[in-house]
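Take a look at the structure set out below.
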Amino acid sequence: DEMAQYAIIDKEEREGLIQRQSARHPSYATIPSFYKKADPSTPYGKWKQEGKKELLHKKSEKMWDCKIIRDLWSLLLDHCYVDLGDEKQNGTMDYAVYDKVRTQLIKDRNAKQQTETETYPIGAEPFLTSCSFFRLPKDEAGRLPILTFFNYILKKVTLYQTRVELGVNNASGDGYLTESELENYFYDLIPTLPALTPKLPEHFYPFYVCGAVRKFFFFLDPQRKGKISIDTLMQSSVLAELMELQNASEDEECFGNWFAATTAAKIYSHYVSLDTDRNGMLSQEEMYAYNDSSFTRLFVQRVFEVSQTYGGEMDYKKYIEFVLAVENPASKPAFDFFWKILDVRSEGFLTPFIIKMFYREVQLKLQENNIDPVKLEDVVVEVFDMINPDKKLTVYRKDLERVKNRDTIISMLVDYKDLERVK
């Protein structure tokens, strides 16, 4: 019958699996494996994916909207302790007040939602728990400023919402986001951000998303696997920077924030200004004009040699990675980027000859700008003194990586303006 056929197929699959695993290691013949990655094309794999989607759907129903946030703030203002002559927003609360606010909020909101059968009734989880109150610092009387608590809850709600939305975009359900999945997340996010929507025209969305996604992958995917763990993403400083923009109002400019509309527009306009032949790509000669031609020709040449190019020209995506490396020279991903450039022979170490080769180009730039250059021999001695390598006259990657001011050393060899500043 049908069950007997399933049993035969299952037995054949298990025997075949044991044979394949035994070829890898003899222990597999007697000790079975306890985990087998579900194939998305099989019924079990599809069932697993649907189960994860349903779980995320239930979590999304628990997310708080703006109305609940406003109701919480109103209740905090109504029940808090206020010192004489002080404003309500500077009020405090103890656990008794907190419990009263929590109970009243849940009761009021669920009473309004009795007729809305599709709306998940709110409860203490995951935001209004006892831990939410006790983990925050309090005064000697055991009271907590309501503004501190409200900001904490607001951040927690935003994080929860972000985690759920990232999970929804994870089509395979493996806990990792590919580049296209993170792009989809940003396309959904842009219309919801007051600090972006009025300032970002729709035709600019692809360029904005490209820049935003590249920052995540530049810093969080060092091995260039093409995917980022959602857990790693949630704990990153890159996401924290994005959340600053999420909490900003329409009137705030968010200067210095990579994800701000003004930053994206500035980077793109600079790219367009460099593209003198208007073909949408940058040649070495066009790239040489970056930062008022402060970088040497050898450095720009090496950038194109170690980067993926198309017909010898650089696209906007690679240009973004270049900008990230140049603007964050002390970061680990930037060091990886610059090391590939300096290691011209791909031998894993630098010699005095390589140091001289790069500095000679800096000397030429200094002379072109009527600046007296430092003697070549003096720079080589200074570089090796600053690095203090384990092996004499040989700088391995680990030698340069452990130096605190390694970004200064690198800039001395590729950027004449930085060398002049260091002098």
Worksheet, complete the sentence: Residue count, the stretch 248-292, condition open to solvent by 20 Å² or more (accessible area, probe 1.4 Å), touching a residue at least 24 places away in the same chain (Cβ under 8 Å) and small (Gly, Ala, Ser), comes to 4
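Keeping to the stretch 227-249, report how many residues are in a loop (DSSP other than H, G, I, E, B) and farther than 14 Å from LEU193 by Cβ.
Kept after step one, since they are in a loop (DSSP other than H, G, I, E, B), are these residues of the stretch 227-249: 235-236, 247-249.
Now restrict to residues that are farther than 14 Å from LEU193 by Cβ: 235-236.
Residues in the stretch 227-249 being in a loop (DSSP other than H, G, I, E, B) and farther than 14 Å from LEU193 by Cβ: 2 in total.
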Practice prompt. Need at least 2 residues that are open to solvent by less than 20 Å² (accessible area, probe 1.4 Å) and in contact with a strand residue (DSSP E or B) (Cβ under 9 Å, 6 or more places away or on another chain) per element, so show me which helices (runs of 4 or more DSSP H) inside the stretch 120-205 make the cut, counting only ones lying wholly within it.
Written response: 146-169, 179-189
Item to complete: Considering (1) open to solvent by 20 Å² or more (accessible area, probe 1.4 Å); (2) modelled with pLDDT of 90 or more, say which one ASP221 fails and leave the rest.
Response: (1)
Discussion item. Show the residue pairs meeting these rules: Cβ distance below 7 Å; 6+ apart or different chains; first residue within the stretch 382-400 and farther than 20 Å from PHE337 by Cα and among the acidic types (Asp, Glu); second residue part of a helix (DSSP H, G or I) and at pLDDT 95 or above.
Written reply: ASP390/ASP399
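Taking the condition of being in a loop (DSSP other than H, G, I, E, B) and of a type in the set (A, V, I, L, M), how many residues in the stretch 279-299 meet it? Give the steps one after another, and end with the answer.
Start the filter on the stretch 279-299 by keeping residues that are in a loop (DSSP other than H, G, I, E, B), which leaves 279-281, 283, 288-289, 294, 296.
Subsequent filtering for residues that are of a type in the set (A, V, I, L, M) retains 281, 289.
Adding up the residues that qualify gives 2.
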Fill in: Pairs with Cβ under 9 Å, 6+ apart, first in the stretch 168-185 and of a type in the set (A, V, I, L, M), second assigned to a loop (DSSP other than H, G, I, E, B)
LEU177/ASN170
Discussion item. Where the second residue is in a helix (DSSP H, G or I) and buried (at least 16 other Cβ atoms within 10 Å of the Cβ) and the first is assigned by the TED database to the domain that holds LEU72 and among the β-branched types (Val, Ile, Thr) and lies in the stretch 98-110, which pairs have Cβ atoms under 8 Å and are six or more apart or on separate chains?
Written reply: VAL101/LEU72; VAL101/LEU75; VAL101/LEU76; VAL101/HIS79
Worksheet item: If you take the residues in the stretch 344-371 that are touching a residue at least 24 places away in the same chain (Cβ under 8 Å) and not in a helix (DSSP H, G or I), which one is surrounded by the most Cβ atoms within 10 Å (Cβ to Cβ)?
Response: LEU350
Worksheet item: Looking at (1) out of contact with any strand residue (DSSP E or B) (no Cβ under 9 Å at 6 or more places or on another chain); (2) at pLDDT 95 or above; (3) open to solvent by 20 Å² or more (accessible area, probe 1.4 Å), which is the one condition that is false for LYS318?
Response: (1)
Worksheet item: Among the residues of the stretch 300-315, how many are part of a helix (DSSP H, G or I), open to solvent by less than 50 Å² (accessible area, probe 1.4 Å) and either under 12 Å from VAL414 (Cα atoms) or touching a Ser or Thr at 6+ places or on another chain (Cβ under 9 Å) (or both)?
Response: 4
Response to the item:
Residue hits (the stretch 364-415; in contact with a strand residue (DSSP E or B) (Cβ under 8 Å, 6 or more places away or on another chain) and within 15 Å of THR296 (Cβ to Cβ)) are VAL414, ASP415
Worksheet entry | Scan of the stretch 253-278 for residues that are closer than 19 Å to GLU183 by Cβ and part of a loop (DSSP other than H, G, I, E, B), ordered by number | TRP258, PHE259, ALA260
Worksheet item: Can you name every residue in the stretch 372-408 that is exposed (fewer than 15 other Cβ atoms within 10 Å of the Cβ) and assigned to a loop (DSSP other than H, G, I, E, B)?
Response: ASP372, LYS375, ASN388, ASP390, LYS392, LEU393, ARG402, LYS404, ASN405
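The values are calculated or read from the model by the stated rules, or taken from the named source; none is laboratory data. Source: prediction; values computed, not measured. Heads up, the Cβs are rebuilt from the backbone with ideal geometry, glycines too, and the neighbour counts pull from every protein chain shown. Just the protein is used for accessible areas: all its heavy atoms, side chains included, with ligands, DNA and RNA removed. Shrake-Rupley method; radii C 1.70, N 1.55, O 1.52, S 1.80 Å.
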